[in-house]
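The values are calculated or read from the model by the stated rules, or taken from the named source; none is laboratory data. Here the structure is a predicted model, which is why all the values come from computation and not from measurement. Positions of Cβ are backbone-derived with ideal geometry, glycine not excepted, and every protein chain shown enters the neighbour counts.
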């Protein structure tokens, strides 16, 4: 097939994926509200259809452009939204066995795709020489994989904050339950107990729209703790690539600067989790700040700030 | 550690300022225009170092503070880790108050049962101490978490030091080398475009690069496809020559000095004679001004200047080079700008001025100040042709060459920084995913056999420890049973 045909296949598959996600999102929200099992089945089925279509769209895009389809903002956005949904299906539905938060993950992907097709679309085309490096696949791939994990972690964090608030309100009249008896006396002072554990629930989890705050909190932590090393790896491979393309591994280019800021904020989040008194809500707020920084790194730097990464943008 | 994080965040925010305000050496033109448009604001920015954030005293100060704070935090932690690596797990009593507790009845005598328990825990990679006289053992596992965490933080420390040392003792600059010429790595040969580190010891390498050929290829759409400089590298004594192809993403290296493809341009060979006497014969580097909005740099001509100060009156020649001569005629006939991607019948339009070159006032070789000069001739000269400017002055254009702009860099910190980055990743894994677990087992007589009491807890990943604890308890019962059989 010719490049034009592949480009058309890619765009059509994109449309299929977009509407599949959109309907799956609505079905998932319906399940969240009314707990009809059939709606969950519809949501999962459509999500899988969307994933398949989107994978096709990405592959066709690569064939149309004759290169790995991670060359500009449109392609990053498509792959990002794909990975967010994939990570959701694998980690949240599969491993976490949490069924009620799908709508939020899908909403993130639907928005990302809408922005991509409305503001960032460019036809498939070959790359300028500086982008022509095998480091591109490794660097951009790991950045997008980690972005999707961090983004999903932050979606879950928002849900955690909402749920935690509800549980706290409900428990205000109740006496707090004491935490488990852990003997810390023989542990060195820097071993923080339960660094990756959720804050002790103030009230017992109650039946409600969302899973218990404890579950959401742990899920968010796991996703971010998984995404952070990959983000680190992405920055390092980016530096290696920059060394060969631009003669320096670090030059405080806006994209570099903001990826570093995002790294520092999530590092702060991980430290906060290990510090007593900073678990739960306060750590969640840091994660949200990190999410804001991630969005700036991802969108604002390419679209509004001039730097070496500008050509990875929309033109 | 909190102080270090805050300092790190301050550095990051300073970097934001650096990414929004134009920086010295990166956007000098924008700084100059800011000084013209908003003199007061520009002066304030200049005073507080906003035009050179990464070189400002306060950035250095915060960086130094970060190193001190990180080191001060890591030293005691490292001592603590060494202590806990050396010490054995300590015995505990009152196992039944622990988060996880179980009792297992085994048919063996207590002293044999406790040895069996020890084997079970060893097999599960616990560090075990005991049994002591009281018939109990203590075990722990997961020190890798703290080892990884410290490795991560020390590697980050080394990275910060490696960055400063590498940049500080190194240099980076741009070399402009015309095809067929040789360039020697030395301060004077950068024409002022070199930036040397704070601790730079004036030890330029003296390595040489001879550029044989430069080729730029473009796609039919005008998008660049490849830039290649074919060159020969030689050490400072001219030995150890090596042929290389330098292209974007593929630098060449000799003696720790790296050459990167940065840019290119055109250098016509110009020969000027006055009454048969050769005044100038060689390639002249042409430059390009920024194209107007919506015009590709490929569509506009290149400019260069030749100054002849020995003539009386002095003569200055201004050239406008069209590497593809068809573009000039297309522009003249249709008014449309055509992209010039390859050399094709190149032509140069020239303006000749006579008068005072004011060599003391005009420093730049590429600028001709025509105030106080009179234009006495103008015309066009094609490649291989000679133009007669009158009064015995002739200009020939024997051939057109290209020049390659190479970024020349030496950074000795590179291996350190790379190694540190790898160690950061290696340390991060156990630091994030490891968990510290402690277990104790005691055995006491119970009828014919003995009763094992097992207690323990995990400092992280408690839910997973629950499974592990269950398995340990199961193994304790089973293994002891096997021991009975033999």
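Any residue at all in segment A:141-151 that's within 14 Å of another protein chain (Cβ to nearest Cβ) and not in a helix (DSSP H, G or I)? No, every residue in segment A:141-151 fails to be within 14 Å of another protein chain (Cβ to nearest Cβ) and not in a helix (DSSP H, G or I).
Kindly indicate whether any position in segment A:261-279 is closer than 30 Å to residue B:228 by Cβ and touching a helix residue (DSSP H, G or I) at 6+ places or on another chain (Cβ under 7 Å). Walk me through how you get there before you give the answer.
From segment A:261-279, those closer than 30 Å to residue B:228 by Cβ are none; that's our starting set.
No - not one qualifying residue is present in segment A:261-279.
Of all residues in segment A:243-256, those being in contact (Cβ under 8 Å) with a residue 24 or more places away in the chain and either farther than 17 Å from residue A:300 by Cα or at the interface with chain B (Cβ under 7 Å from one of its Cβ atoms) (or both) number 5. The combined condition, being surrounded by 19 or more Cβ atoms within 10 Å (Cβ to Cβ) and either free of Cβ contacts under 8 Å to residues at least 40 places away in the same chain or farther than 16 Å from residue B:140 by Cα (or both), is fulfilled by residue B:452. Against the numbered list (1) within 9 Å of another protein chain (Cβ to nearest Cβ); (2) more than 20 Å from the chain's Cα centre (by Cα); (3) in contact (Cβ under 8 Å) with a residue 12 or more places away in the chain, residue A:267 comes up short only at (2). Checking the stated criteria, residue B:87 turns out not to satisfy the condition of being more than 22 Å from residue B:456 (Cβ to Cβ) and either more than 14 Å from chain A (Cβ to nearest Cβ) or free of Cβ contacts under 8 Å to residues at least 40 places away in the same chain (or both).
Please pick out the residue among B:439, B:432 that is within 14 Å of chain A (Cβ to nearest Cβ), under 29 Å from residue B:99 (Cα atoms) and part of a strand (DSSP E or B).
Working: B:432 fails: part of a strand (DSSP E or B).
Just one listed residue meets the conditions, B:439.
Here residue B:405 passes the criteria (1) more than 14 Å from chain A (Cβ to nearest Cβ); (2) assigned to a strand (DSSP E or B); (3) buried (at least 17 other Cβ atoms within 10 Å of the Cβ) except the one numbered (1).
For residues that are assigned to a loop (DSSP other than H, G, I, E, B) and within 14 Å of chain A (Cβ to nearest Cβ), scanning just segment B:442-481, find the one that is farthest from the chain's Cα centre (by Cα). In this case the residue turns out to be B:459.
Just to check your reading of the model, which residue among A:81, A:133 is at pLDDT 85 or above and touching a helix residue (DSSP H, G or I) at 6+ places or on another chain (Cβ under 9 Å)? Going through A:81, A:133 in turn, the sole match is A:81.
With respect to residue B:201, determine if the residue is surrounded by fewer than 19 Cβ atoms within 10 Å (Cβ to Cβ), more than 14 Å from chain A (Cβ to nearest Cβ) and either under 19 Å from residue B:410 (Cα atoms) or free of Cβ contacts under 8 Å to residues at least 60 places away in the same chain (or both).
On the way: surrounded by fewer than 19 Cβ atoms within 10 Å (Cβ to Cβ): yes; more than 14 Å from chain A (Cβ to nearest Cβ): yes; either under 19 Å from residue B:410 (Cα atoms) or free of Cβ contacts under 8 Å to residues at least 60 places away in the same chain (or both): yes.
Yes: the conditions hold for residue B:201.
Checked against the criterion of being touching a residue at least 60 places away in the same chain (Cβ under 8 Å), surrounded by 15 or more Cβ atoms within 10 Å (Cβ to Cβ) and part of a helix (DSSP H, G or I), the candidates B:113, B:92, B:102 yield just one match: B:113. Kindly provide the set of residues from segment B:227-251 that are within 14 Å of chain A (Cβ to nearest Cβ), more than 17 Å from residue B:403 (Cβ to Cβ) and crowded, with 20+ Cβ neighbours inside 10 Å, ordered by number. Across segment B:227-251, the qualifying residue is only B:251.
Scanning segment B:218-256 for residues that are modelled with pLDDT of 85 or more, part of a strand (DSSP E or B) and farther than 19 Å from residue B:177 by Cα yields a single hit, B:218.
Could you list, in sequence order, all residues of segment B:90-113 that are away from every other protein chain (no Cβ under 14 Å) and touching a helix residue (DSSP H, G or I) at 6+ places or on another chain (Cβ under 9 Å)?
So in segment B:90-113, the residues away from every other protein chain (no Cβ under 14 Å) come out as B:102-113.
Selection gives B:102, B:103, B:104, B:105, B:106, B:107, B:108, B:112, B:113.
Scanning segment A:4-26 for residues that are surrounded by fewer than 19 Cβ atoms within 10 Å (Cβ to Cβ) and within 11 Å of residue A:51 (Cα to Cα) turns up just one, A:16.
Could you name every one of the helices (runs of 4 or more DSSP H) located completely within segment B:1-65 that has at least 3 residues being within 12 Å of chain A (Cβ to nearest Cβ) and in contact (Cβ under 8 Å) with a residue 24 or more places away in the chain?
On the way: elements: B:2-20, B:28-37, B:39-47.
Result: B:2-20.
Where strands (runs of 3 or more DSSP E) fall entirely within segment B:297-383, those with at least 3 residues that are assigned by TED's automatic domain parsing to the domain that holds residue B:273, more than 44 Å from the chain's Cα centre (by Cα) and loosely packed, with under 15 Cβ neighbours inside 10 Å are at B:373-382.
Against the conditions (1) more than 14 Å from chain A (Cβ to nearest Cβ); (2) in a loop (DSSP other than H, G, I, E, B), residue B:412 satisfies every one except (1).
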